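> Below you'll find the structure I mean.
Here, each number is a calculation from the coordinates, and none is a lab measurement. This structure is a prediction, so every number in the text was calculated from the model and none was measured. Here the Cβ positions follow ideal geometry from the backbone for every residue, glycine too, while neighbour counts run over all protein chains shown.
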Amino acid sequence: MRELMDEMDSSAEKQRTSHKNGISLSERAANIDDEVFKLALGLPKDVIPLTAGEPDFPTADFVNLAAKKAMDSNFTHYTASNGILPLREAISRKLKEDNNLSYDPDEIIVSPGSSPSIFLLLFALADRGDEVLIPDPAWFHYPILTGLAGAKAVRVPQRRDEGFRLAPEDIERKVTDRTRLMIINSPSNPTGHVLSREELEGVAGVAERHDLIVISDEIYEKILYDNHRHISMASISGMRDRTVTVNGLSKGYAMMGWRIGFTASNVELTGKMRSLLGYTLVCAGSVAQHAAIEALTSQKSKEYVKTMVATWTRRRKIVLRYVDEYKDVMRIAPPEGAFYGWIDISPSGMEGKQVSTGLLKEYKVGVMPGYLFGESGKDYIRISYATSDDFVEEGMKRLGKFLRAHKK
Ligand SMILES: Cc1ncc(COP(=O)(O)O)c(C=O)c1O
């Protein structure tokens, strides 16, 4: 903790120094909340890290091998800004097989990870002052990227007592004549909620009534528990033409650092996205694109994801067991997908921020304070169980002890 504080102090000092030297931040950049990155990347070595949002598995050997072959064949040049055709063809087949969606390779853009494509989409679709509906809670990138694109984030509450259901009447209430887009994410980071067909149809109804575009972030689609099924928004009747599907290989294929994401939409948007991506990010890494073809087309990937999900299923049980053991101080709606525990710590009488700070300081466990995911998250913390069985076991035990020790 001391090291962490020192590091933060020294980076604040550096900022002041650079300011003195004449480099001052734009208001836009100065307003960005840096806390997430301090938490995720700055944990001291002796802390149990339940913060990271990435699979603890390495990329599969057969994928690494495909990348080595690509390097040996000198596939190390720039590629087309929308990605190489064989990869877009593989994505087109994947969308058909996994998601029942028909997209030509021309309607697909490969990007260096899905995060930048969400930013470029917001940039391409929302004008200054347009409103973007974002569930509350939701992944903290969405409101930040919306603000950076010049639009306004408007949060839509999810019903915490109904397993974080997204109800059409709650969405409708937030629609104004400036509303242009809605972002959905299923399975959800942080709640683990999987949107049912009924909920998707509810969102679709609002989108059709108010002529909204839906950005559907499906990055956790392969990580599901207890027979929950993933349904793509674009497969809902009438939604293909008003949905942009966003996905990537970081979570389901353990390829976080390769930075491969993609979007599927109509040709007009795809053409503009190709230019935006070309001007900013240029293209996704050429070697990574070849690795991605192997990941998407090899039968071995199916086994790999099964192994990962079986492991996370086991750790999810550990989390649920501890929440039950300490039910006087915490509760949870069991995650239906992804690898996060969205834990309500309000029975302890504390708020998420107090818990994340105190737990780190006194018990050396790193968790994310829920308020980062939206106002409704102030009574929550998010833990990631994409770590090790031992870390989950020990981290949850310490969390329970900490909450009881400080119960108000
Ligand atoms: C909901 C959600 N979407 C997208 C991403 C980013 O994935 P990528 O690695 O493709 O940028 C994350 C990563 O944590 C996420 O939680």
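> Roughly what would the spin-label model give for Thr280 and Ile32, points 7 Å off Cα along C-beta, in nm?
Label at Thr280, label at Ile32, 1.1 nm between them.
> Arrange the peptides 45-56, 81-92 so that the one whose residues have, on average, the most other Cβ atoms within 10 Å appears first.
Listed from highest to lowest mean packing, they are 81-92, 45-56.
> For the chain, give the share of DSSP beta bridges that are antiparallel, in percent and rounded to the nearest 5; count only bridges with both residues there.
Roughly 50 percent of the DSSP beta bridges within the chain come out antiparallel.
> Continuing with the same structure: Counting pairs of Cα atoms in segment 134-220, how many percent are more than 19 Å apart?
The answer is 32 percent, as a whole percent.
> Hey, what does the equivalent ellipsoid look like for the chain, semi-axes from the Cα gyration tensor as sqrt of 5 times each eigenvalue, largest first, whole Å?
32, 25, 24
> May I pose another question? Over the C-alpha atoms of segment 283-356, what are the Rg and the largest Cα-to-Cα span, Dmax, in Å?
18.5, 52
> Students often check this: by mean Cβ neighbours within 10 Å, which of 99-108, 139-148, 28-37 ranks highest, and how do the rest follow?
Descending mean neighbour count gives 139-148, 99-108, 28-37.
> For the Cα atoms of the chain, what angle does the longest principal axis make with the long axis of helix 286-297, in degrees from 0 to 90, nearest 10?
Helix 286-297 and the main axis of the chain meet at about 90 degrees.
> Need the full-extension length gain, Arg165 to Arg321, defined as separation in residues times 0.36 nm minus the C-alpha distance. One decimal, nm.
Full extension of this stretch gives 53.8 nm more.
> Return the single residue from Ser235, Ser73, Ser196 with maximal mean-square fluctuation; model: Gaussian network over the chain, springs between Cα atoms under 10 Å.
Ranking Ser235, Ser73, Ser196 by mean-square fluctuation puts Ser73 first.
> Show me, bin by bin at 5 Å from 0, the whole-percent P(r) of segment 74-154 based on Cα pairs.
Computed distribution, short to long bins: 3, 14, 18, 16, 15, 17, 13, 3, 1, 0.
> Still on this structure, I have one more. For Cα pairs less than 8 Å apart in space and 6+ apart in sequence, what is the mean separation divided by the residue count of segment 78-298, i.e. the relative contact order in percent?
28 percent
> Treat every Asp and Glu Cβ in the chain as -1 and every Lys and Arg Cβ as +1, leave all other atoms uncharged, and give the resulting dipole magnitude about the Cα centre to the nearest 20 debye.
In debye, rounded to 20, the chain gives about 620.
> Another question, if that's okay. Percent of Cα-Cα pairs more than 30 Å apart in segment 78-298, please.
Value for segment 78-298: 17 percent of Cα pairs lie more than 30 Å apart.
> Something else now. Evaluate the Debye formula for segment 298-408 with equal point scatterers sitting on the alpha carbons, no solvent, and hand back log10 of I(q)/I(0) at q = 0.10, 0.18, 0.24 Å⁻¹, in q order, two decimals.
Each listed q corresponds, in turn, to -0.29, -0.82, -1.37.
> Please state the relative contact order of the chain as a whole percent: Cα pairs under 8 Å, 6+ residues apart?
Relative contact order of the chain: 22 percent.
> At 222 nm, what helix-only mean residue ellipticity would the chain give, in deg cm²/dmol to the nearest 500, using -39500 (n - 2.57) for each DSSP H run of four or more?
-14000 deg cm²/dmol
> A further question on this structure: Relative contact order of segment 30-130: what whole-number percent is it, with Cα pairs under 8 angstrom and at least 6 residues apart?
16 percent
> Separate question: Less than 15 Å from a label point 7 Å out along the Cα-to-Cβ axis of Glu268: which backbone N atoms in segment 116-137 qualify, by residue?
124-127
> Report the trypsin sites (Lys or Arg not before Pro) located in segment 197-236 that are in a DSSP loop and have at most 15 other Cβ atoms inside 10 Å of their Cβ, or state none.
Hits after loop and neighbour filter: Arg229.
> If I histogram all Cα-Cα distances within segment 17-167 using bins 10 Å wide from 0, what percent of pairs lands in each bin?
8, 20, 31, 29, 11, 1
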